[in-house]
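A.B. asks: Input: one structure, supplied below.
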Amino acid sequence: MIEVQVKKTLGAFTLDAAFACGAGVTALFGRSGAGKSTIVKAVAGLVRPDGGRVQVGDTTFFDAARRINVATERRGVGVVFQDGRLFPHMTVRRNLRYGYDRARGEKRVTFEAVTDVLGISSLLERRPVSLSGGERQRVAVGRALLSQPRLLLMDEPLASLDEVRKAELLPYFEKLNTEFRIPILYVSHAIDEVMRLASDVVLIDEGRVVAAGSLADVTSRIDLPPAAESFGSGAILECRVESHDASRGLTNLATALGPVKLALIERPLGSRLSIRIAARDVAIASERPTKISVQNIFDGKVIELRSLPNHIVRLKVAVGGGYLLSEITAEAAARLDLKPGLQVVALVKSVAIGR
Amino acid sequence: MLSDAEAQALWLSLIVATRSVTFSLPLAVLAAWVLARGRFPGKTLFDGFVHLPLVLPPVVVGYLLLLGFGTRGPIGHFLYENFGVRLAFTSAGASLATAVMSFPLMVRAIRLALEAVDRGLEDAARTLGAGALDRFASITLPLMLPGVLAGAVVAFAASLGEFGAVITFASNIPGETQTLPLAIYQAIQTPNGDAMAARLATLSIVIAFAGLLLSEVLARRIRATTAAP
């Protein structure tokens, strides 16, 4: 259990954030300048908060009230910086061993496991300057892991990379938590990274926590403040691959909503995955339309409605054993006379379903 | 090729300069650190004090050294009474004079290199469990090494060439404090000494040039390990 409560004033900016996270991957999500990096630095001890508390397990790193402030080098918190920060005068091997050699106690994370999982065994004698951006970040992750951290902080580790490199790195990151059993606090402002990696999410805006909880819970809230809008609301569904229809280019999934069709994906039958249906991609009708391109048509019931700025209405619709979120114009909501309890039809285009 | 007197001056110069650089280098690194990273009241004053020998006439520096380190000066008296060490008019004193004169040059070069070191790397080392001294030895020092080297070479060259402070504080004693520039000066003053002065001057140029080349080669080798192939 990791408890963070940080107060810090930097010029006109005030950070006052409190949250807790568990043993999985927790995403710290928010716009640039929201205060995410300051939180990371406070947890690592690189910034001294004006007040608050930072506790990891039964160890208190910082407590303003009790005047506790453990030095960074004794916290045992691994940090992966956005810019990697590999030591330029050392080989990859010496970079990796830097924290490993200085770690006290039992070495749970072994050199072989790290180089294996991250695919960096062939880079060991190279210098950081000769590495690609993706390789550099993998080495940076390995270096942090080998310092035997009790918590791994990843501060926008993909932000400096292009889309191709990002896609190349995400599979490695996905394995970290399960492979090494170290809690991860993952800072990002990219929703796709959060979706792929995190089990929990803490939304930060202007130095404050605006929402926190499991990824599915937070995304399904229709009352996210406008500040958290960039997070994009939508429903996250756990699915099983039922069948592939190669001739029509479709994959059928079993979900809590019932069967869902999406554009053919290369996943074995029976495998599990989660999909995200963004609220913006769900249309609402009052009766089943005919002659329509939309593949996924669900009967449901309106549970909740909420007016957003800019004449938009967001609603939550119960479908089967799950729900969908939809965003439509206020005019459309009025035209259909939407209100809680009303039976409606929710329409989702197959190509709009994201993974 | 060289007369005994000339060889003696050359050898003495090298010893004086080497000793000067060896003793002042750690202090220069410390001073550079304080100036680059320190935050304390009176820092500007300290900065000015370190750079003073650069703007004072060397004779004045030599005179001030005599006041402080001469046998009747407070520090000189203390050293002589307690350790039997005499600095004025000795080769050790020549080293002290050249060290003081070349100190600002050395500090400047090292400070520039230190300021160029990415502090983010030191933060990274902290998160990996490295304490302050460990960080300095494993990250900061290796990264600023080209600057330290450059500072040492510049100071060595300046020490070989220092005239005013040496002759004032250590005098011009052949075999004891007569370094190359002092020997050249004396040769010029001596009738028929022109040939000797020319040979010693040529020697000075050769040594200075060799020093520059050496530092360039070393700096390139250090850079090669951190820069792209």
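The values are calculated or read from the model by the stated rules, or taken from the named source; none is laboratory data. Bear in mind the structure is a predicted one, so any value in this text is a computation, not a measurement. Backbone-built Cβ (ideal geometry, glycine too); neighbour counts: all protein chains shown.
A.B. asks: Being more than 7 Å from every other protein chain (Cβ to nearest Cβ), touching an Asp or Glu at 6+ places or on another chain (Cβ under 9 Å) and either outside any loop (DSSP other than H, G, I, E, B) or modelled with pLDDT under 90 (or both) is the filter here, so list the residues in segment A:71-85 that pass it.
C.D. replies: Result: A:Val80, single match.
A.B. asks: Sticking with this one: Counting only residues that are of a type in the set (A, V, I, L, M) and closer than 21 Å to B:Ala17 by Cα, give me the helices (runs of 4 or more DSSP H) lying completely in segment B:63-149 with at least 2 of them. Steps first, answer last, please.
C.D. replies: Details: elements: B:74-83, B:91-115, B:119-127, B:132-135.
By residue number, B:91-115.
A.B. asks: Going by what's in this entry, would A:Ser286 be described as closer than 30 Å to A:Thr14 by Cβ and not charged (D, E, K, R)? Don't jump to the end; show me each part of the working.
C.D. replies: On the way: closer than 30 Å to A:Thr14 by Cβ: no; not charged (D, E, K, R): yes.
Against the criterion (closer than 30 Å to A:Thr14 by Cβ and not charged (D, E, K, R)), A:Ser286 does not qualify.
A.B. asks: Here is a follow-up. Across segment A:87-118, what is the number of residues that are surrounded by 15 or more Cβ atoms within 10 Å (Cβ to Cβ) and within 25 Å of the chain's Cα centre (by Cα)?
C.D. replies: 6
A.B. asks: Here is a further query. Go through segment B:139-151 and give me each residue that's crowded, with 20+ Cβ neighbours inside 10 Å and at the interface with chain A (Cβ under 8 Å from one of its Cβ atoms).
C.D. replies: Within segment B:139-151, B:Ile139, B:Leu143 meet the criteria.
A.B. asks: Additional query: Among the numbered conditions (1) modelled with pLDDT of 95 or more; (2) within 27 Å of A:Ala190 (Cβ to Cβ), tell me where A:Arg94 comes up short.
C.D. replies: Only one criterion in (1) modelled with pLDDT of 95 or more; (2) within 27 Å of A:Ala190 (Cβ to Cβ) is unmet by A:Arg94, namely (2).
A.B. asks: While we're on this one: Which ones in segment B:74-124 are out of contact with any Gly (no Cβ under 6 Å at 6 or more places or on another chain), within 14 Å of chain A (Cβ to nearest Cβ) and surrounded by fewer than 24 Cβ atoms within 10 Å (Cβ to Cβ)?
C.D. replies: Within segment B:74-124, B:Ala116, B:Val117, B:Asp118, B:Arg119, B:Gly120, B:Leu121, B:Glu122, B:Asp123 qualify.
A.B. asks: Whether any residue in segment A:35-43 is part of a loop (DSSP other than H, G, I, E, B), within 20 Å of the chain's Cα centre (by Cα) and either closer than 17 Å to A:Arg150 by Cβ or in the same structural domain as A:Lys8 (by TED's automatic domain parsing) (or both) is what I want to check. Can you show your working first?
C.D. replies: The initial filter retains those residues of segment A:35-43 that are part of a loop (DSSP other than H, G, I, E, B), namely A:35.
Those left that are additionally within 20 Å of the chain's Cα centre (by Cα): A:35.
Still in the running and either closer than 17 Å to A:Arg150 by Cβ or in the same structural domain as A:Lys8 (by TED's automatic domain parsing) (or both): A:35.
Yes; the residues of segment A:35-43 include at least one that is part of a loop (DSSP other than H, G, I, E, B), within 20 Å of the chain's Cα centre (by Cα) and either closer than 17 Å to A:Arg150 by Cβ or in the same structural domain as A:Lys8 (by TED's automatic domain parsing) (or both).
A.B. asks: Let me confirm something: among A:Val47, A:Val54, which residue is part of a strand (DSSP E or B), among the β-branched types (Val, Ile, Thr) and more than 9 Å from chain B (Cβ to nearest Cβ)?
C.D. replies: On the way: A:Val47 fails: part of a strand (DSSP E or B).
Exactly one residue qualifies, and that residue is A:Val54.
A.B. asks: Can we say A:Val187 is part of a helix (DSSP H, G or I), under 24 Å from A:Met1 (Cα atoms) and away from chain B (no Cβ under 14 Å)?
C.D. replies: On the way: part of a helix (DSSP H, G or I): no; under 24 Å from A:Met1 (Cα atoms): yes; away from chain B (no Cβ under 14 Å): yes.
In short, no.
A.B. asks: Out of curiosity, is B:Ile173 part of a helix (DSSP H, G or I), away from chain A (no Cβ under 14 Å) and of a type in the set (Val, Ile, Thr)? Spell out how you get there, then give the answer.
C.D. replies: Working: part of a helix (DSSP H, G or I): no; away from chain A (no Cβ under 14 Å): yes; of a type in the set (Val, Ile, Thr): yes.
No; evaluated as a whole, the condition is false for this residue.
A.B. asks: Suppose we filter A:Leu124, A:Leu158, A:Leu153 for residues that are at pLDDT 90 or above and within 14 Å of chain B (Cβ to nearest Cβ); which single one remains? Quick ask: steps written out before the conclusion?
C.D. replies: Working: A:Leu124 fails: within 14 Å of chain B (Cβ to nearest Cβ); A:Leu158 fails: within 14 Å of chain B (Cβ to nearest Cβ).
Matching residue, one of A:Leu124, A:Leu158, A:Leu153: A:Leu153.
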